[in-house]
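Written out below as structure tokens is the structure these notes cover.
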Amino acid sequence: MIQNPTNWAGNYTYRAARLHTPQTIEQIQEIVSRSNKLKALGSRHSFNDIADSYEDLISLENLNQVLELDRERRRVTVEAGIRYGQLGQWLHREGFALHNLASLPHISVAGACATATHGSGDQNGNLTTAAATLEFITAEGEIVILSREDQPGQFQRAAIGLGALGIVTKLTLDILPTFDMRQDLYQNLPLSQLENHFDELTSSAYSVSLFTDWRSASFNQVWMKRRVSKDDSFEPEPDLFGATLATRPLHPIEALSAENCTEQMGIRGPWHERLPHFRMDFTPSSGEELQSEYFIPRQHAFAAFRAVDQISELIAPLLQISEVRTIAADNLWMSPCYQQASVAIHFTWKMNWPAVSQVLPIIEERLAPFGARPHWGKLFTMQPKHLQSLYPQLPEFQELPRYYDPQGKFRNAFLDRYIFGQSI
Ligand SMILES: Cc1cc2nc3c(=O)[nH]c(=O)nc-3n(C[C@H](O)[C@H](O)[C@H](O)COP(=O)(O)OP(=O)(O)OC[C@H]3O[C@@H](n4cnc5c(N)ncnc54)[C@H](O)[C@@H]3O)c2cc1C
């Protein structure tokens, strides 16, 4: 039994017998060589068993340094265990930025990239799309380097690896010159406005998030994150498609204090302190929660909102808050946004799995006509066969772990169920 054996939310207890925390690549290779069943564990922010192992877990929390900054090519190479919060501060000091961040900065880069973690923004791909090179250790203990430029086909297949290919030790990420942002929040956006203005709304800032509790036919809050230059004279309109400009800082769950949230009210600040909703030194979100999220081709956004709204009386009593974000299409095989610009409908639930697990199949049924794909790291109930049918390239992805991991050392119950189609 490992010490502190639960994930961040405490809703999942890892079944693995041992947790290894190596300090060096050689130690990782040695652990890989002597383990029969092993899986990499990130910062434990997934809500399901994707990171668990039948036997051994390995955490790269001690390998968390920036290794190299290539200013010319605008690339940074990091150890896999680094968290976005630490990397963001470092990059900003050096004059650089990442293209986007998730709602929280606490997650590890390798863990986030393994599940296609995303933020929002019509032009922003998920966080894995910033990856230019992946370095990982295979089941044989060999080091493999895959680069987007040198092995484009293999890279597209492997980048969102769900931890199935091996232990990622290093990633090289694309970076941008650093930039400042401001957040302006609006309250009470009528749902009906999204029928004709969804594209206009989500394209009107660098990153736009909409929050709703599904208790009325409106979105409670709209978070607009804009890039600003030093002499920017931007002033937000008092009204946005019927929503009004907020006059005080807000938490997405309005009953909670906005203290944990990144600075709002149009105050300019660096990208890494505006793109996440939550501050690095505070608990993100509500802390006591479950999460689910579904990705839908964005042309179906309004129809999908309507479909969810029609069952709001089932959802609202179990919900803390829902968030809608947009994500650019990408070319990464296991990405829920593979070749489709997407809208993601997210649910932060109360900690009540028996009840939530009754509602998820109904939501999934409502969203099935739009080909909804679940977030790999969150809670869902759809049958493996259905999930597999949503990824036409899955049979070829299955070849990849067979190549790097012929004995199935890195397989776990999640992969056996959803990727390899065996029920354990
Ligand atoms: C409060 C909260 C807010 C969240 N907000 C967002 C959000 O805004 N957007 C979003 O998309 N998701 C969000 N998530 C979900 C989260 O980003 C994903 O579940 C992510 O995968 C968690 O990363 P992790 O480092 O905790 O990895 P873990 O959950 O520990 O592991 C996830 C996967 O990564 C693999 N992995 C980890 N490290 C390695 C490695 N070194 N080599 C190979 N594989 C590895 C694991 O094997 C596993 O398959 C949120 C979660 C929480 C708890």
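The values are calculated or read from the model by the stated rules, or taken from the named source; none is laboratory data. Keep in mind it's a predicted model, so treat the numbers as computed, not measured. FYI the Cβ positions are ideal-geometry reconstructions off the backbone, even for glycines, and counts take in every protein chain you see. Please note that ligands, DNA and RNA were not included when accessible areas were found on the heavy atoms of the full protein model with its side chains. Shrake-Rupley method; radii C 1.70, N 1.55, O 1.52, S 1.80 Å.
None of V78, V32, V66 is of a type in the set (A, V, I, L, M) and open to solvent by 20 Å² or more (accessible area, probe 1.4 Å) except V66.
Looking for something among the charged types (D, E, K, R) and either within 30 Å of K37 (Cβ to Cβ) or in contact with a His (Cβ under 8 Å, 6 or more places away or on another chain) (or both) - is there at least one such residue anywhere in the stretch 328-337? Within the stretch 328-337, none of the residues are among the charged types (D, E, K, R) and either within 30 Å of K37 (Cβ to Cβ) or in contact with a His (Cβ under 8 Å, 6 or more places away or on another chain) (or both). Only one entry of A329, A303, A316, A255 meets the criterion of being of a type in the set (G, A, S) and open to solvent by less than 30 Å² (accessible area, probe 1.4 Å), and that entry is A316. Of all residue pairs spaced 6 or more apart or on separate chains, those with beta-carbon atoms under 8 Å, a first member in the stretch 37-56 that is in contact (Cβ under 8 Å) with a residue 60 or more places away in the chain and closer than 12 Å to I107 by Cβ and a second member that is of a type in the set (S, T, Y) and within 7 Å of the ligand (Cβ to nearest atom) are G42/S108; S43/S108; S46/T115. There is no residue in the stretch 186-199 that is touching a residue at least 12 places away in the same chain (Cβ under 8 Å), in a loop (DSSP other than H, G, I, E, B) and not polar (S, T, N, Q).
Residues that are within 16 Å of the ligand (Cβ to nearest atom) and surrounded by fewer than 19 Cβ atoms within 10 Å (Cβ to Cβ): does the stretch 353-365 have at least one? Checked against the condition, which is being within 16 Å of the ligand (Cβ to nearest atom) and surrounded by fewer than 19 Cβ atoms within 10 Å (Cβ to Cβ), the stretch 353-365 yields at least one hit.
Among the residues making up the stretch 102-127, those that are more than 6 Å from the ligand (Cβ to nearest atom) and among the polar types (S, T, N, Q) are S120, Q123, N124, N126. Remark: L146 matches the filter, which requires a residue to be more than 9 Å from the ligand (Cβ to nearest atom), in a strand (DSSP E or B), without any contact (Cβ under 8 Å) to a residue 24 or more places away in the chain and open to solvent by less than 10 Å² (accessible area, probe 1.4 Å). Candidates are the residues of the stretch 37-58 that are near the ligand (Cβ under 8 Å from one of its atoms) and of a type in the set (S, T, N, Q); the one that is farthest from I25 (Cα to Cα) is S46. All of Q23, Q86 fail the test of being open to solvent by 70 Å² or more (accessible area, probe 1.4 Å), more than 12 Å from the ligand (Cβ to nearest atom) and within 19 Å of the chain's Cα centre (by Cα), apart from Q86. The residues in the stretch 44-63 that are under 18 Å from S292 (Cα atoms) and either surrounded by fewer than 22 Cβ atoms within 10 Å (Cβ to Cβ) or not hydroxyl-bearing (S, T, Y) (or both) can be counted, and the count is 7.
Of the residues that make up the stretch 290-300, is at least one open to solvent by 10 Å² or more (accessible area, probe 1.4 Å) and within 14 Å of the ligand (Cβ to nearest atom)? Yes, the stretch 290-300 has at least one match.
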